[in-house]
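As structure tokens, the structure follows; a few thoughts come after it.
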Amino acid sequence: MTTHVFHRALKSALPCVAGGDGITLRDAEGRTYIDACGGAAVSCLGHGHPAVLEAMAAQARQAAYIHTSFFTSQAAEKLAARVAENCGGDLNHVYFVDSGSEATETALKMARQYWLERGQPQRAKVISRHFSYHGNTLGALSVSGNRWRREPYAPLLADASFIEPCFFYRHAEPGETPEAYGERAAAALEKQILELGPETVMAFIAETVVGATTGAVTPAPGYLKRVREICDRYGVLLILDEVMCGTGRTGTFLAAHAEGVAADIVTLAKGLGGGYQAIAAVVCSDKVYEGFYNGSGVFQHGLTYSAHPVACAASLAVQEVIVRDNLLANVRARGEDLTRALHGRFGNNHNVGDIRGRGLIQAIELVRDRGGKTPFDPALKLSQRIKAEAFARGLMVYPGAGCADGRAGDHILLAPPYIVTPADIEEIVSRLGEAVDAAL
Ligand code: PLP
């Protein structure tokens, strides 16, 4: 045994990265890979961006680390102002952490303490959705409906309750319109709140666009608006997890902007630092912040590396480049190219049941038969095999396993950097097509 890194998969050898430039990574053997999933929907600017590298070096020279109980930094203050402005409305207060899981943990603790500050300690229940993913730490996993991730750790998880997600392709009745389905899916939330007792519910948490579990599932039209109304009716805080779909990935800074909905708390992570540093944020509304400000004045939380100056400087540079280079317009235009190319390549493939997503987060769902929507047996590990076939062809894609109970199929998620060109899109879909053919 010569390996010392405890890798995800202990028995598979990984190539060692040797370089990265734009949307491409290179390994030590000289092979190159198009990063069509930004690793895990992270690398929004691609690799090796000089403006980001320079900003990180400058910050490290000035002060590499401060603890947030002693100092703030210009980088953190400027980044918070920019994030708040981009979120819009009264989402004005930004708490920095280091990962999406920590952002979920922080959002849950923020919601809980908000109710304590407001003199409603009985509000402690969280409602989430099946087929959701909010992180791998125990608190975040407790509110995640992704079964294969949570089941081994079930004895360690906190209590949460789950409703059906909004998943038109899988859950709509024959002939049901997207609007009617969205209304029906949202009604499940009201039913659950009433069953639990509205005065005991502190928050509802949902991914605006579902990422890792079922792959680029956008909400049905009107669904989130109804969810917002229901939360307001019963005083429940709405937490939107935009760790994967936020910071421009769908073509608007928040995916919720396209839904016309404002959350009480939003979490951001992957595209915030674009992978240059580990950084995430929990953004809350004036209402939530004032609960703390007019109450104890202290959030009973804190992590050693919160608001790390180099991470904030990197993230600020990433967000500045996105604006300077008008990259959200590119996300929207290339997203349309991607939709077109996926339909062109897979539109007649009877093993591709659905092509979905928005902007540069899109997925194909694989099924035995398009008409019946029957998933492949998860034991076949189809999405993992497609990932391997793609990797062998110099393409990185993000696989998602189907469900053993047949309620969701394998999928392949694409989330390329915001800088992709039309030619890149063609190449990505062409290599993915070869990989799917080879794996089926
Ligand atoms: N929330 C969502 C929607 C995610 O997609 C993820 C990661 O994929 C997380 C939370 C957890 O983020 P992290 O892996 O940075 O802890």
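We did not get these values from a lab; they are worked out from the coordinates using the rules stated. Please read these numbers as outputs of a predicted model, since none were measured by experiment. We place every Cβ from the backbone using ideal geometry, glycine too, and count neighbours over all the protein chains shown.
Some notes on this structure:
- GNM top mover of P219, P174, P155 - the chain, alpha-carbon springs below 10 Å: P174
- Exposure proxy shown here: for S69, S43, the number of other Cβ atoms within 10 Å sets the order, fewest to most, as S69, S43.
- Taking only the Cα atoms of segment 256-306, the ratio Rg/Rh comes out at 1.05, with Rh defined as the Kirkwood radius.
- Net charge of neighbours whose Cβ lies under 14 Å from the Cβ of G248, counting Lys and Arg as +1 and Asp and Glu as -1: +3
- Cross-link pairs beyond the 19 Å C-alpha cut-off, checked among K225/K373; K11/K270; K125/K191; K109/K191: K225/K373; K11/K270; K109/K191
- Value of Rg to Rh for segment 314-392 (Rh from inverse mean 1/r over Cα pairs, i.e. Kirkwood): 1.12
- For N146, the residues whose modelled amide H falls within less than 5 Å of its own, excluding neighbours fewer than 5 places apart on the same chain, are F131, S132.
- Proxy reagent accessibility, fewest Cβ within 10 Å first, across C37, C16, C44: C16, C37, C44
- Interchain or long-range residues, amide H under 5 Å from L45's placed H: Y418
- Basic side chains Lys and Arg get +1 at the Cβ, acidic Asp and Glu get -1 at the Cβ, and with that the dipole of the chain about its Cα centre reaches some 540 debye.
- Restricting attention to the chain, close to 65% of DSSP beta bridges with both partner residues there are antiparallel.
- Rounded to whole Hz, the Karplus (6.51, -1.76, 1.60) HN-Hα couplings of segment 8-13, x for glycine and proline: 4, 10, 6, 10, 10, 7
- In sequence order, segment 111-117 has phi-based couplings of 5, 4, 5, 3, 5, 5, 4 Hz under the Karplus curve 6.51 cos²θ - 1.76 cosθ + 1.60, θ = phi - 60°, and Gly or Pro positions carry x.
- Nonlocal amide H pairs with T374, under 5 Å, H built at 1.01 Å: R368, D369
- Distance between segment 402-429 and segment 32-69 - C-alpha centres, whole angstrom: 24
- For segment 47-96, the gyration tensor built on C-alpha atoms gives an oblate shape. Its axis ratio a/c (a ≥ b ≥ c) is at least 1.5, and a/b is not larger than b/c.
- Taking the centroid of alpha carbons for each part, segment 78-150 and segment 236-256 are 12 Å apart.
- Computed over the chain, the range of Cα coordinates on each principal axis works out to 60, 59, 48 Å, biggest value leading.
- Where trypsin sites (Lys or Arg not before Pro) in DSSP loops with at most 12 other Cβ within 10 Å are excluded, longest remaining stretch of the chain: 12-440
- Computed [θ] at 222 nm, deg cm²/dmol, the chain (DSSP H ≥ 4; -39,500 (n - 2.57); rounded to nearest 500): -12000 deg cm²/dmol
- Estimated vicinal HN-Hα couplings, Hz - segment 348-355 in sequence order (Karplus 6.51, -1.76, 1.60; Gly, Pro = x): 10, 8, 6, 8, 10, x, 8, 10
- Put simply, the convex hull of the Cα atoms in segment 1-59 casts, on average, a shadow of 5.7 nm².
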